[in-house]
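The values are calculated or read from the model by the stated rules, or taken from the named source; none is laboratory data. Quantities reported herein were computed from a predicted structural model and do not represent experimental measurements. Cβ: placed from backbone, ideal geometry, glycine included. Neighbour counts: every protein chain shown.
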Amino acid sequence: MNAVSALFRREFAAYFATPLAYIFLVIFLMLTGVFTFYLGGFYERGQADLEAFFAFHPWLYLFLVPAIAMRAWAEERKSGTVELLLTLPISMWQAVLAKFLAAWSFIAIALALTFPMWITVNYLGAPDNGAIFAAYLGSLLMAGGYLAIGMCMSAATSSQVIAFIVTVVVCFFFTLAGYPLVLEAFRAWLPEALLELLASLGFLAHFEAIRKGVLDLRDVVYFAAMIGFWLYASAIVIDLKKAD
């Protein structure tokens, strides 16, 4: 674990070595504010909760998380430092895990900086803080799912632009997989068993349940499984690329 910790610190510090990290944080906070107070009609709803705040998180993450993930391995591959990284006394899985945890921690900081909104709704009324905490946890888990997909796509190419575009497309599919409109489109030619499987893969369905304050173990396991699967896929892709 010392190797994972050392690589984690290096990767995490790298996010703040350039102005890009601060630009991302500013953009994230500005967009959450705009979506919550203007598009989400926070004041018009007349309720002291963060329903409008969390409703837009899947769509924010759909573009902002791939922007973070695209550099994870693509930059290493383009600069040729991936070979040097893999010669260190660290396993492939440890390298993948360290990079993921560093990026996930950075996203967690961005999410934590929205804490004033939680304070605001408590000042304005008496919200269900348990539900808000569950929604924050669900948001972080969902961001982890997007990030794991993005890191796998980044591992497959040396182009950050391609990694970004492919990640957005794949994440868009998983975002809407359980959406009723999508399910109705597939209902005519997909058997019921595959339709249920498709519905179970949707990020929105699992996040919506947690967002409402229902912290079901099945939703937590779903996001954990998605993260684990895509990180494992990342390790396989990197290993295959190394053999090229």
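Here are the numbers for this structure:
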{"quantity": "Lone qualifier among Leu147, Leu140 - being free of Cβ contacts under 8 Å to residues at least 60 places away in the same chain, of a type in the set (A, V, I, L, M, F, W, C) and touching a helix residue (DSSP H, G or I) at 6+ places or on another chain (Cβ under 9 Å)", "calculated": "Leu140"}
{"quantity": "Selection within region 71-104 - hydrophobic (A, V, I, L, M, F, W, C), modelled with pLDDT under 90 and under 16 Å from Ala21 (Cα atoms)", "calculated": "Ala72"}
{"quantity": "Condition broken by Val161, with the remaining ones in (1) over 20 Å from Leu97 (Cα atoms); (2) among the hydrophobic types (A, V, I, L, M, F, W, C); (3) touching a helix residue (DSSP H, G or I) at 6+ places or on another chain (Cβ under 7 Å); (4) in contact (Cβ under 8 Å) with a residue 40 or more places away in the chain satisfied", "calculated": "(3)"}
{"quantity": "Tally, over region 105-117, of residues that are at pLDDT below 90, surrounded by fewer than 17 Cβ atoms within 10 Å (Cβ to Cβ) and either under 21 Å from the mean Cα position of the chain (by Cα) or not in a helix (DSSP H, G or I) (or both)", "calculated": "0"}
{"quantity": "Filter result for Ala188 (among the small types (Gly, Ala, Ser), more than 30 Å from Asp49 (Cβ to Cβ) and exposed (fewer than 13 other Cβ atoms within 10 Å of the Cβ))", "calculated": "yes"}
{"quantity": "Matching residues in region 206-232 - criterion: being buried (at least 17 other Cβ atoms within 10 Å of the Cβ) and either out of contact with any helix residue (DSSP H, G or I) (no Cβ under 8 Å at 6 or more places or on another chain) or among the hydrophobic types (A, V, I, L, M, F, W, C) (or both)", "calculated": "Phe207, Glu208, Ala209, Ile210, Phe223, Met226, Ile227, Trp230, Leu231"}
{"quantity": "All helices (runs of 4 or more DSSP H) inside region 180-244 with 3 or more residues being modelled with pLDDT of 80 or more and either more than 23 Å from Met142 (Cα to Cα) or hydrophobic (A, V, I, L, M, F, W, C) (or both)", "calculated": "203-211, 217-243"}
